[in-house]
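Read through the structure below, which is laid out as structure tokens, and then see the notes.
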Amino acid sequence: MMMMIELERTYLAKELPDLNNCKFKEIIDVYHPKSKPHPSLRIRKNGNKCEITKKEPINNDASHQEEQTIIITEEEFNELTKLEGKKVHKIRYYYDYNGKTAEIDVFQGPLKGLVLVDFEFESSEEKDSFEIPDFCLAEVTQEIFAAGGWLAGKSYEDIESDLKRFNYKKLVLV
């Protein structure tokens, strides 16, 4: 098992940059237990890689997360996803922005129209000094509605009132 601290900031996208030449992969997440409003246990198919991850904020700061990951086989993933959980489906694009990689999550299915942008950092100083990119609308790192476990099993309509607080406009990749 691998444990690490993740330093990250999350933004709502204002517009989509040109993603035509970007690498991308399909991600399917199933969060457990289904009964919890914001489950911290995630079963993920990340392209060809499958894993179980437990992710929890440190000192209630969503930008500092303790993350524990176990690699599993696709067969194990398929068996574990038979358990009733909350599902999220997205396409993740890797976009180069000023020497950093923006992970642009374009949600599919019931959350279609939602686009979140994540940046990961090597140090707290780098994270704290990072300036919001022009294609992003607002930082939502500390907003519960933008967390993967909270989004799982929801629809765009379920979070629309939260999005309206930021004047977010539905984005669809064509």
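The values are calculated or read from the model by the stated rules, or taken from the named source; none is laboratory data. Here the structure is a predicted model, which means the values were calculated and not measured. No Cβ is skipped: glycine too gets one built from the backbone with ideal geometry, and neighbour counts run over all protein chains shown.
Overview of results
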{"read-out": "The listed residue being over 15 Å from the mean Cα position of the chain (by Cα), at pLDDT 95 or above and under 15 Å from Tyr11 (Cβ atoms), out of Asp118, Asp158, Asp162", "value": "Asp162"}
{"read-out": "Selection from the stretch 123-142 of residues that are of a type outside the set (Ser, Thr, Tyr), more than 10 Å from Ala13 (Cα to Cα) and surrounded by fewer than 18 Cβ atoms within 10 Å (Cβ to Cβ)", "value": "Glu125, Glu126, Lys127, Asp128, Phe130, Glu131, Ile132, Gln142"}
{"read-out": "Subset of the stretch 83-113 [basic (Lys, Arg), in contact with a strand residue (DSSP E or B) (Cβ under 7 Å, 6 or more places away or on another chain) and over 18 Å from Leu7 (Cβ atoms)]", "value": "Lys86, Lys87, Lys90, Arg92"}
{"read-out": "Selection within the stretch 12-56 - within 22 Å of Phe130 (Cβ to Cβ) and in contact with a Ser or Thr (Cβ under 8 Å, 6 or more places away or on another chain)", "value": "Lys55"}
{"read-out": "Single residue of the stretch 143-168 satisfying the filter (surrounded by fewer than 13 Cβ atoms within 10 Å (Cβ to Cβ) and of a type outside the set (Ser, Thr, Tyr)) that is farthest from Thr101 (Cα to Cα)", "value": "Glu157"}
{"read-out": "Candidates Glu160, Glu84 - the one that is part of a loop (DSSP other than H, G, I, E, B), under 27 Å from Leu41 (Cα atoms) and among the acidic types (Asp, Glu)", "value": "Glu84"}
{"read-out": "Residue tally, condition aliphatic (A, V, I, L, M), surrounded by 16 or more Cβ atoms within 10 Å (Cβ to Cβ) and more than 30 Å from Lys164 (Cα to Cα), over the stretch 65-113", "value": "1"}
{"read-out": "The stretch 76-111 - residue that is touching a residue at least 40 places away in the same chain (Cβ under 8 Å) and among the β-branched types (Val, Ile, Thr) and, of those, farthest from Glu126 (Cα to Cα)", "value": "Thr81"}
{"read-out": "Filter pass, Ala152 being farther than 28 Å from Ile43 by Cβ and touching a Phe, Trp or Tyr at 6+ places or on another chain (Cβ under 9 Å)", "value": "no"}
{"read-out": "Given (1) modelled with pLDDT of 90 or more; (2) out of contact with any helix residue (DSSP H, G or I) (no Cβ under 6 Å at 6 or more places or on another chain); (3) among the hydroxyl-bearing types (Ser, Thr, Tyr), index of the condition Thr10 fails", "value": "(2)"}
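The rows are residues; the columns are (1) more than 15 Å from Phe119 (Cα to Cα); (2) of a type in the set (Val, Ile, Thr); (3) part of a strand (DSSP E or B); (4) in contact with a helix residue (DSSP H, G or I) (Cβ under 7 Å, 6 or more places away or on another chain).
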site	(1), (2), (3), (4)
Glu6	no, no, yes, no
Glu51	yes, no, yes, no
Thr69	yes, yes, yes, no
Asp105	no, no, yes, no
